[in-house]
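Enquirer: The structure that follows is given in the form of structure tokens.
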Ligand SMILES: [Mg+2]
């Protein structure tokens, strides 16, 4: 799938240059902004896969804009900076900044940085999904455990018997163990 990139840079010539280099390499430029305020607005509206953001800009600088965007969306941000602005990088840790490029930007620097940033974001997303799946699984297990406990108390069953009973009902009624467990908790739980 084509990756959607947003470019934020107050110098329109640099913006054009970046846009052309990225387009040449198969990326889609979904939005361009010339200041931090517009960047925040566009990022919220477009939710791009990656934002390339200049630091020094009018109205709202790139670091502040990055912070505001990162508070709301998990969009990776690649900063553009002049050599003298490296000191700002420390301030960027709170925001979702995955790297920075020192101007002037050459295609041979830009494209690998963009690729790495996108890959990192992809990995982070997969990791998050995995954690989410594990949490769901854990929640499911807790519900089943709770229902099992209720059955054990109510019918004076061993743990094993209670679980087997649940499994039998779930198969007979063709409902998931989780659904059955929820039903038992609703009906008999305290
Ligand atoms: Mg600038």
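Computed from the coordinates by the stated procedures, all read-outs in this text should not be read as laboratory data. Everything quoted here is computed from the prediction, not taken from an experiment. Using ideal geometry, Cβ is built from the backbone for each residue, glycine included, and neighbour counts are taken over all protein chains shown.
Enquirer: Could the peptides 166-173, 134-141 be put in order, highest first, of the mean number of other beta-carbon atoms found within 10 Å of their residues?
Expert: 166-173, 134-141
Enquirer: Another question, if that's okay. Which angle from 0 to 90°, rounded to the nearest 10, does the C-alpha axis of helix 12-24 make with the longest principal axis of the chain?
Expert: 60
Enquirer: Based on the mean of other beta carbon atoms within 10 Å per residue, what is the order of 41-50, 58-67, most packed first?
Expert: So the peptides 41-50, 58-67, ranked by packing, come out 58-67, 41-50.
Enquirer: Could you calculate the contour length gain from residue 185 to residue 158, that is, 0.36 nm times the residue separation minus the distance between their Cα atoms, to one decimal place in nm?
Expert: Between residue 185 and residue 158, full extension yields 7.9 nm more.
Enquirer: What number, rounded to the nearest 500 deg cm²/dmol, is the helix-based mean residue ellipticity at 222 nm of the chain, given -39500 (n - 2.57) per DSSP H run of at least four residues and division by all its residues?
Expert: Calculated mean residue ellipticity at 222 nm is -20000 deg cm²/dmol.
Enquirer: Name the shape class, rounded, prolate or oblate, that the alpha-carbon gyration tensor gives for the range 39-172, where a ≥ b ≥ c are the square roots of its eigenvalues, rounded holds for a/c under 1.5, and otherwise prolate holds if a/b is larger than b/c and oblate otherwise.
Expert: Prolate, because a/c is 1.5 or more and a/b exceeds b/c.
Enquirer: Also, I was wondering about something else. If you fit an axis through the alpha-carbon atoms of helix 159-173 and take the longest principal axis of the Cα set of the chain, what angle between them do you get, 0 to 90°, nearest 10?
Expert: 80
Enquirer: Of the residues 73, 155, 100, which exhibits the maximal mean-square fluctuation in a Gaussian network model of the chain defined by a 10 Å Cα contact cut-off?
Expert: 155
Enquirer: Could I ask something else about it? Using only Cα atoms, tell me the angle between helix 177-188 and the longest principal axis of the chain; keep it within 0 to 90° and round to the nearest 10.
Expert: It is inclined by approximately 60 degrees.
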